[in-house]
Amino acid sequence: MVSRAGFASLLGASFLLLLLRSAEPLGFNHRPTTAGDELSAAPSRYLTREERWMSQRLDHFSPTDHRQFKQRYFEFLDYHDDPTGPVFLRICGESSCDGLPNDYLAVIAKKFGAAVVTPEHRYYGKSSPFDSLTTDNLRFLSSKQALFDLAVFRQHYQEKLNSQYNRSAGFDNPWFVFGVSYSGALSAWFRLKFPQLTCGSLASSGVVLAVYNFTDFDKQVGVSAGPECKAALQEITRLVDEQLRSDSHSVKALFGADSLKNDGDFLFLLADAAATTFQYGNPDALCSPLANAKKKGESLVETYAHFVKDYFVKKLGTTVSSYDQEYLKETTPDDSSSRLWWFQVCSEVAYFQVAPKNDSVRSAQVNTRYNLDLCKNVYGEGVYPDVFMTNLYYGGTSIAASKIVFTNGSQDPWRHASKQKSSEDMPSYIIKCSNCGHGTDLRGCPQLPFRIEGDSSNCTSPEAVNIVRKQIVKNIDLWLSQCHEPTRTW
């Protein structure tokens with residue numbers, strides 16, 4: 001992902017069409033994967049799961065490499081009664097994209113009579129250019145390549161609509177882009193780099209700031225937990241650290257994680273399990289049993305072990321192996337998403353969720369050295385996240401764009417890598433409630449398991465969610481209307 005800002009020129013539609021048409025396909029295979037964002041559930045959670053395919057260029061930055069791969073996408077046209085109506089581009093992120101989710105975006109699409117389309121991110125799910133995910137083969141996995149994928153897809157789909165409705169090649173529907181988390185960052189960056197291709201963007205929990213030592217993540221976990229739960233988690237961390245020194249096998253086995261030979265991998269698993277409950281709006285799943293155990297004088301470590309095995313692993317579908325560096329080194333894993341995302345972490349954005357020097361919730365062994373050693377061990381020498389160049393290229397929280405809505409949940413540790421202050425033509429909203437987390441505006445509460453149409457009734461303050469949703473709709477309405485003006489100023 002490292003590149004200087006001077007390379008960030010905006011390309012016209014004609015060049016994008018040239019990229020789309022000037023390649024020779026390769027017969028790459030595609031295989032499905034699973035990931036935390038797309039947990040298995042009833043079909044009603046999807047608007048559609050019917051797969052469609054297009055050819056995508058492997059390297060958008062090489063004038064001589066004309067290889068292509070097949071990229072999967074989905075489309076939903078049930079609300080698109082007016083052929084000139086808007087098209088909502090929902091960006092899939094760092095997981096297998098198995099359909100169009102029936103969350104709050106479906107409600108917005110119905111209101112605006114929009115078509116909804118979503119392309120799968122390169123390398124993830126069935127859109128992998130290579131069978132073997134060697135470090136060398138991963139060199140085409142970056143946010144920059146993904147943004148050009150989106151631009152080419154946008155042009156491809158617009159041409160498809162024009163052909164379907166027998167319109168001239170120059171006709172353009174108004175487009176609006178949506179994303180959550182990393183794909184929320186892509187949504188903002190797409191508006192930044194290709195403002196001529198979208199009327200605006202929603203960056204829900206959009207992590208636009210690359211962070212080397214992301215200590216604010218752990219600090220927010222402590223704030224979201226509250227004093228009593230935070231103290232219990234810190235006590236668990238202290239006890240587990242002690243037990244690792246005396247009998248590491250037994251304590252790992254207690255958590256069903258004795259396969260993790262690296263102590264750092266094990267401690268990162270435990271830290272992630274706690275953070276996930278606040279990130280996805282279900283704090284009671286963790287803090288209530290810990291409070292009860294404390295009150296009854298029961299073992300906090302054993303109580304936490306039950307939580308990790310029953311909630312984090314069994315209910316949320318987390319695999320222990322996804323924390324194992326030896327598994328991450330495999331180039332043909334059953335679940336490729338962890339190896340792929342860690343590569344993006346190690347090569348572009350870091351987001352190293354390290355323990356602060358003081359008052360940390362997670363173990364101090366989850367530090368910068370652990371993360372750098374992981375990157376080197378899994379991908380070899382030379383893979384390093386130059387966050388300075390990443391933020392120079394995109395702007396970080398000082399992103400110099402317009403017509404982007406940023407939203408974040410008050411309890412989400414990731415909000416500290418997002419834009420939390422409004423600036424001209426880029427409003428930012430913090431949704432405040434005790435279980436408002438990652439992507440609450442589109443996903444409702446809790447964010448896991450899935451909520452049909454982003455149901456907000458289980459948020460501790462549904463009104464707080466609905467107020468921000470009204471602001472999102474208001475901005476979409478305004479910016480779409482400006483796209484219809486005879487002279488576009490965007």
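The values are calculated or read from the model by the stated rules, or taken from the named source; none is laboratory data. Source: prediction; values computed, not measured. Here Cβ is always computed from backbone atoms with ideal geometry, including for glycine, and neighbour counts include all displayed protein chains. The area values use the complete protein model at the heavy-atom level, side chains included, leaving out ligands, DNA and RNA. Shrake-Rupley method; radii C 1.70, N 1.55, O 1.52, S 1.80 Å.
Observations on the structure shown:
- Within the stretch 415-430, the residues that satisfy the criterion of being assigned to a helix (DSSP H, G or I) and farther than 20 Å from S461 by Cβ are H416, A417.
- E326 vs. criteria in contact (Cβ under 8 Å) with a residue 60 or more places away in the chain, surrounded by fewer than 22 Cβ atoms within 10 Å (Cβ to Cβ), assigned by the TED database to the domain that holds D247 and assigned to a helix (DSSP H, G or I): yes
- Test: residue in the stretch 37-51 that is exposed (fewer than 14 other Cβ atoms within 10 Å of the Cβ), of a type outside the set (D, E), within 23 Å of the chain's Cα centre (by Cα) and at pLDDT 95 or above: yes
- In the stretch 318-336 there is at least one residue matching the filter, namely being within 20 Å of C445 (Cα to Cα) and either in contact with a Pro (Cβ under 7 Å, 6 or more places away or on another chain) or of a type outside the set (D, E) (or both).
- Single residue of V87, V107, V117 found to be farther than 24 Å from R57 by Cβ, outside the structural domain of V349 (by the TED database) and either buried (at least 24 other Cβ atoms within 10 Å of the Cβ) or modelled with pLDDT of 95 or more (or both): V107
- Only one of S418, S398, S434 that is modelled with pLDDT of 95 or more, more than 28 Å from S142 (Cβ to Cβ) and among the hydroxyl-bearing types (S, T, Y): S434
- Within the stretch 416-427, residues that are in contact (Cβ under 8 Å) with a residue 60 or more places away in the chain reach partners that are open to solvent by 20 Å² or more (accessible area, probe 1.4 Å) with beta carbons closer than 6 Å, at six or more positions or on different chains, in the pairs H416/D216; A417/L209; A417/V211; K419/T397.
Condition check ((1) open to solvent by less than 20 Å² (accessible area, probe 1.4 Å); (2) aromatic (F, W, Y); (3) in contact (Cβ under 8 Å) with a residue 60 or more places away in the chain; (4) farther than 22 Å from T198 by Cα) across all residues:
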position	(1), (2), (3), (4)
N377	no, no, no, yes
L392	no, no, yes, yes
A401	no, no, yes, no
G444	yes, no, yes, yes
S481	no, no, no, no
